[in-house]
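The values are calculated or read from the model by the stated rules, or taken from the named source; none is laboratory data. Since the structure is predicted, the reported quantities are computational estimates derived from the model, not experimental observations. Because the Cβ atoms are built from the backbone with ideal geometry, glycine has one as well, and the counts that use them run over all protein chains shown. Accessible surface areas use protein heavy atoms only, side chains included; no ligands, DNA or RNA. Shrake-Rupley method; radii C 1.70, N 1.55, O 1.52, S 1.80 Å.
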Amino acid sequence: MTPDELKAKIRAAFADVERPPHWCITDSNEGDEPASLRQEFAEVPDWASLSTTFLDQAPNGYGSALSFFSDEAFRYYLPAFVIADLDDALDRTDPVFHLTHGLGASATKRINPRRYGDRTFGDAARHRFSLFTPEQCAAIAAYLRYKADQDEFAASSIEPALASYWLQRTVTDR
């Protein structure tokens, strides 16, 4: 699949996802980054209008937006980041990491036992991605396959994520 075909597939898969309300941009109030993220994304009309420079730096030049989005905001804004990555326009932000972390070697590692008990990175990833439809999962799987073919280093985290999660979620008979 060419990058242009892949971008079209991503746009189509996520076309009907509604923009989350302002109060739902982040699911944390701890630290400066979530507040900055809410402020910077409050007036965004839709994900397709975001510049790649904005995406790579939000919030406040940290490039950490994907780490602080709520699950709903992650699903809504993800296509912008993935398309920017396909255009090779991201330096600070790595959508592949956010789509594979918790689905490979780190899946059974507990996040912070004192705060979250036995919740693992795998539990958190599966919960976050559970909002995605089979069509959206298929678009993400196609993107991850493309990235694995382009980057041998990334393939080492992509292949386990595809095998353990993304490919299973492309099936519509659940």
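Please give the contour-minus-distance gain from R110 to T2: 0.36 nm per residue of separation, less the Cα-Cα distance, rounded to one decimal in nm. Numbers along the way, then the final one.
Values: separation 108, 0.36 × 108 = 38.88 nm, distance 3.78 nm.
Separation in residues times 0.36 nm, less the Cα-Cα distance, equals 35.1 nm.
Show me the trypsin sites (Lys or Arg not before Pro) within the range 55-113 that DSSP assigns to loop and that have at most 13 other Cβ atoms within 10 Å of their Cβ. Walk me through the numbers before you get to the answer.
Numbers: sites: R75, R92, K109, R110; in loops: R92, K109.
Filter output for the range 55-113: R92, K109.
Within the chain, which complete DSSP H helices have Cα atoms spanning at least 15 Å along the helix axis and a mean Kyte-Doolittle hydropathy of 0.0 or higher? Walk me through the numbers before you get to the answer.
Working: long enough: 3-14 (16 Å, -0.37); 71-86 (22 Å, 0.51); 134-150 (24 Å, -0.40).
Length and hydropathy pass: 71-86.
Once R0 is set to 30 Å, what does the formula 1/(1 + (r/R0)^6) return for the Cβ-Cβ distance between L167 and A42, expressed as a FRET efficiency to the nearest 0.05? It would help to have the intermediate numbers written out before the result.
On the way: r = 36 Å, r/R0 = 1.20.
It comes to 0.25.
From Cα pairs below 8 angstrom and at least 6 apart in sequence, can you work out the relative contact order of the range 1-132, rounded to a whole percent? Please list the in-between numbers first.
Numbers: 155 pairs, mean separation 28.9, N = 132.
Relative contact order, the range 1-132: 22 percent.
Please list the three semi-axes, largest first and in whole Å, of the ellipsoid equivalent to the range 97-174, using sqrt of 5 times the eigenvalues of its alpha carbon gyration tensor.
Whole-Å semi-axes of the equivalent ellipsoid: 22, 16, 8.
Starting from the amide H of F69, placed 1.01 Å from N in the peptide plane, find each other amide H under 5 Å away whose residue is 5 or more places distant or on another chain.
Sorted by chain and number, the residues that satisfy this come to none at all.
N29 to A12: extension gain in nm, 0.36 nm per residue of separation minus the Cα-Cα distance? Walk me through the numbers before you get to the answer.
On the way: separation 17, 0.36 × 17 = 6.12 nm, distance 3.25 nm.
Length gained between N29 and A12: 2.9 nm.
Considering only protein heavy atoms, with the full assembly of protein chains and a 1.4 angstrom probe, order E33, E43, E159 by accessible area, largest first.
Working: E33 50, E43 155, E159 100 Å².
Heavy-atom accessible area, descending, gives E43, E159, E33.
In whole percent, and with a 1.4 Å probe on the protein chains, what portion of the accessible area of the chain is carbon and sulfur?
Working: 4290 of 9240 Å².
So the carbon and sulfur contribution to the accessible surface is 46 percent.
Using a 1.4 Å probe, what is the accessible area per residue for the chain, in Å²?
Working: 9240 Å² over 174 residues.
I get 53 Å² per residue for the chain.
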